[in-house]
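The values are calculated or read from the model by the stated rules, or taken from the named source; none is laboratory data. Note that the coordinates shown come from a computational prediction; the quantities given were computed from them, not determined experimentally. No Cβ is skipped: glycine too gets one built from the backbone with ideal geometry, and neighbour counts run over all protein chains shown. Remember, those area values only see protein heavy atoms, side chains included, never the ligands or the DNA or RNA. Shrake-Rupley method; radii C 1.70, N 1.55, O 1.52, S 1.80 Å.
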Amino acid sequence: IFDPMENSQIIFLLRTLDARELRAFKKWLISPFHNQREDLIDLFDYIMYKDHLFREDQLEKEKIFKKIVPDTEYDDARLRQTVHFLMKALESFLTYQEFTEDEATLNRALAKVYRSRKQEKAFLKTMRNLEKIQENSAHRGEEHLRNEFLLHWERYKFYEGKKRTTDLQLQEVSDNMDIAYIASRLRQSCLMLAHQKVYKMDYDMGMMDATLAYLETKNLLHIPAIAIFYHGYKAFTNEQEEQHFRLLKDAISAYSHFFPPAEIREIYLMAINYCISRMNTGQKSFVREAFDLYKLGIENEVLIENGQISRFTFRNIVNTGTPLKEFDWLNGFIQSYQESLEEKHRDSLVCFSLAKIHFEKREYNQAMKLLAQFEDDDMLTNLYGKAMLIQMYYEEDEYDALESLLESMRAYLKRKQIISYHKDLYTNLIKYTKKLVKINPYNQQQKDLLAEEIKNVSPLPIKTWLLERLAEISN
């Protein structure tokens, strides 16, 4: 059995290229300026022939070597060298493609070339083109602000070299530098806060207090990239004061068309993560807020990237929509978007989603049958499924099955590497479900104390369900 190239990085990377990119890369390889090695072309042609790229039996090293170097004894070092240089060529091609697809970056590099070669007329013409690109850009996100600063910086470097001190525009350079920094700092801080909340990290926010004071003094909230991340930061750092979340939603509604897809996706997820954080403290109104954001993100295709939807986004849409009884919309969503899931997760996630709908409809037999078929390597999705089973076993008086499930969950949490927030979440669920089952139904004092304990503990999923079941005991 020959050692296959199936796990080689170049195979993984080539599988990400579409047909247009593959044609362009072939042209790159046959250009003597980019490549002068025939063996790279032969190797590429072999890998791309028919379905070789996706067949392990066609990617055996000795089979490849025999095809590209016939009548020669297999030489592993020689094949590795050919693969290495083909990878380098592919990296160069993709880097060039990434660079040239951004007009602002391309023109700024061209302006630098003309400046360094003392070509004043060509430099000024290129700078005018760059200014038009900035003015006509539909985006006003962080990258646009950074490009604006770099434009002013390039102009400053040009006039500095000519010693024309009246044209230096140092104030414009400084102002645009501040704006670009503030937008970048706010965006990064929002990412840190979201990560900190989930993973219990303790990040140093650096100069954020001074940055916030400066932007408030300078009234910079008319700039979309600053306004959105300012309200996002304030919402996360003052969770109980909902005004900044409302202002964040208003800013998203007013400014979302100013941001490129990757950045607006990040903005939506920031707002959704705030909602999830409030949901996990028992604020039921934020289930609707999160679902509406997810729904809008799907309808606007903000949460769909390269035709695919993340399995985590798919799962969370179902988890937020089912308690709201949005069954018709969810069934349509599952039907329409299941093909947008990665194939390896598709069946299990559709199974989980339909089980969740049946569960919320109290159709427990159908839900349990679907969960029995459900298999997924994602720990959180598995825990969501187990949380459903806890409620169904309790409702159906299946106390032996419930006890067995709680013990298996305890062992699962102990065995698996689960981030501390979610470990606390499900450890609390196990703890308080056990207390609910074992409480003396005729001891009102015990019930009152447990109710108070459940209300105050955080994080705790299905808190409302636990309190409702406790209130029903002996009534």
For the Cα atoms of the chain, what angle does the longest principal axis make with the long axis of helix 463-472, in degrees from 0 to 90, nearest 10?
10
Let me know the charge dipole size of the chain about its Cα centre in debye, to the nearest 20, where only the beta-carbon of Lys, Arg (+1) and Asp, Glu (-1) is charged.
1200
Each label sits 7 Å from Cα toward the beta-carbon; between Asn238 and Ile419 the label points are separated, in nm, by 2.6
Sparse-neighbourhood loop hits (chymotrypsin sites (Phe, Trp or Tyr not before Pro), the range 378-475; DSSP loop; Cβ within 10 Å at most 15 others) -> Tyr442
Given a cut-off of 21 Å, name the pairs among Lys284/Lys435; Lys27/Lys88; Lys284/Lys463 whose C-alpha atoms lie farther apart than that in the structure shown.
Lys284/Lys435
So Met87 and Glu299, fully extended at 0.36 nm per residue minus their Cα-Cα distance, gain in nm 72.4 nm
To the nearest 20 debye, the range 398-475 has a Cα-centred charge dipole, built from +1 on Lys and Arg Cβ and -1 on Asp and Glu Cβ, of 400
Once the piece of chain linking Thr464 and His222 is laid out straight, how much longer is it, given 0.36 nm per residue of separation minus the C-alpha distance between them?
83.0 nm
With +1 on each Lys and Arg Cβ and -1 on each Asp and Glu Cβ, and nothing else charged, work out how big the dipole of the range 283-438 is about its Cα centre, in Debye to the nearest 20.
760
What is the helix-to-structure angle for 444-456, meaning the angle in degrees between its Cα long axis and the longest Cα principal axis of the chain, kept from 0 to 90 and rounded to the nearest 10?
10
Potential extension, Phe12-Asp347 segment - 0.36 nm per residue separation minus Cα distance:
118.2 nm
Put +1 on the Cβ of each Lys and Arg and -1 on the Cβ of each Asp and Glu in the range 84-240; which of Gln119, Leu106, Trp153 then has its Cα farthest toward the positive end of the dipole?
Gln119
Distance in nm between label sites at Ala210 and Glu472, each 7 Å beyond Cα in the beta-carbon direction?
5.8
Taking N as the number of residues in the chain, the ratio of its alpha carbon radius of gyration to 2.2 N^0.38 Å works out to 1.26
Rounded to the nearest 0.05, what FRET efficiency do Lys431 and Leu53 have when you use their Cβ-Cβ distance and R0 = 51 Å?
0.50
What spacing in nm lies between the two simple spin-label points modelled at Asp250 and Leu170, each 7 Å away from Cα in the Cβ direction?
3.9
On a 1.4 Å probe surface of the protein chains, which of Met270, Met48, Met201 comes out largest in accessible area, and what is the full order?
Met201, Met48, Met270
For the range 34-78, what is the relative contact order in percent, using Cα pairs closer than 8 Å and at least 6 residues apart in sequence?
30
Okay, which of the range 269-303 sit inside 13 Å, backbone N to the point 7 Å along the Cα-Cβ direction of Ser336?
295-303
Working from Cα positions, state the angle (0 to 90°, nearest 10) between the long axis of helix 170-199 and the longest principal axis of the chain.
30
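From Cα pairs below 8 angstrom and at least 6 apart in sequence, can you work out the relative contact order of the range 26-170, rounded to a whole percent?
14
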